[in-house]
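Here the structure comes first, spelled out in structure tokens, and everything after it is commentary.
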Amino acid sequence: MNADPAQIRWLPLGSILTGSGLITPEQLEQALEAQKHRGGRLGTVLVELGMVTTLQIAGAVADQCKLPLVNLDDVEIDAEAVKLLTEQLARRYDALPLQTLPDGALLVAMSDPTNLRATDDLQLALGVTFRVAVAEETQLAQALSRAYR
């Protein structure tokens, strides 16, 4: 939880997944070819092809970025933390403020912590120090809907 958004190292998702052994280089090539024809994000194509799950993608990204992987079904989301970010920005960047940590920093769940534009914009919008945890994409979308009801 002590990783700072500014310290996150960006690597292509394909490199993360092949480096962690979740897919082979051949599977990556197949997925990239399918992506050319279908469009969309590589992670979505890999899931649609049955090569990985969204949870495996989130876990690989968390490991690569040295960030915690958070299960949003097990985390109590602080309503006061949620109020620090508008729903529009939360949905745009797939980011959900979860709670204030003992050191005063805000813990924010994101599906893509490598999106530096998102972390920069979040820093400006939040106006407080925050730390990132990785959340699985579908789980995060559900948590966003619950939090901003």
Report the residue count in segment 41-81 for those that are farther than 18 Å from Ile16 by Cα and not in a helix (DSSP H, G or I).
9
Only residues in segment 1-20 that are farther than 24 Å from Asn71 by Cβ and among the aromatic types (Phe, Trp, Tyr) count as the first member; pair them with residues that are modelled with pLDDT of 50 or more and part of a loop (DSSP other than H, G, I, E, B), Cβ under 8 angstrom, at least 6 apart or cross-chain, and list the lot.
Trp10/Thr114
Please go through segment 134-149 and give me each residue that is open to solvent by 10 Å² or more (accessible area, probe 1.4 Å), in a helix (DSSP H, G or I) and closer than 14 Å to Leu85 by Cβ, ordered by number.
Ala147
Might you check whether a residue that is under 12 Å from the mean Cα position of the chain (by Cα), of a type in the set (S, T, N, Q) and open to solvent by less than 20 Å² (accessible area, probe 1.4 Å) occurs anywhere in segment 116-133?
yes
Could you list, in sequence order, all residues of segment 100-115 that are under 22 Å from Asp63 (Cα atoms) and over 10 Å from the mean Cα position of the chain (by Cα)?
Leu101, Ala105, Leu106, Leu107
Is there any pair with a first residue in segment 44-56 that is in contact (Cβ under 8 Å) with a residue 12 or more places away in the chain and a second that is charged (D, E, K, R) and open to solvent by 60 Å² or more (accessible area, probe 1.4 Å) whose Cβ atoms are under 6 Å apart and which are 6 or more apart or on different chains, and what are they?
Thr54/Glu137
Note: among Val61, Val70, Val82, just one is under 20 Å from Leu124 (Cα atoms) and crowded, with 18+ Cβ neighbours inside 10 Å, namely Val82
Would you confirm, using the coordinates I've provided, whether Val75 is crowded, with 18+ Cβ neighbours inside 10 Å, of a type in the set (A, V, I, L, M) and at pLDDT 90 or above?
no
If you scan segment 11-40, which residues turn out to be of a type in the set (A, V, I, L, M) and part of a helix (DSSP H, G or I)?
Leu13, Ile16, Leu17, Leu28, Ala31, Leu32, Ala34
Got a number for residues in segment 85-114 being open to solvent by 10 Å² or more (accessible area, probe 1.4 Å), in a loop (DSSP other than H, G, I, E, B) and not charged (D, E, K, R)?
7
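The values are calculated or read from the model by the stated rules, or taken from the named source; none is laboratory data. Since the model is a prediction, treat every value here as computed from it, not as a measurement. Heads up, the Cβs are rebuilt from the backbone with ideal geometry, glycines too, and the neighbour counts pull from every protein chain shown. Each accessible area value is taken on the protein alone, full model and side chains, heavy atoms only, with ligands, DNA and RNA left out. Shrake-Rupley method; radii C 1.70, N 1.55, O 1.52, S 1.80 Å.
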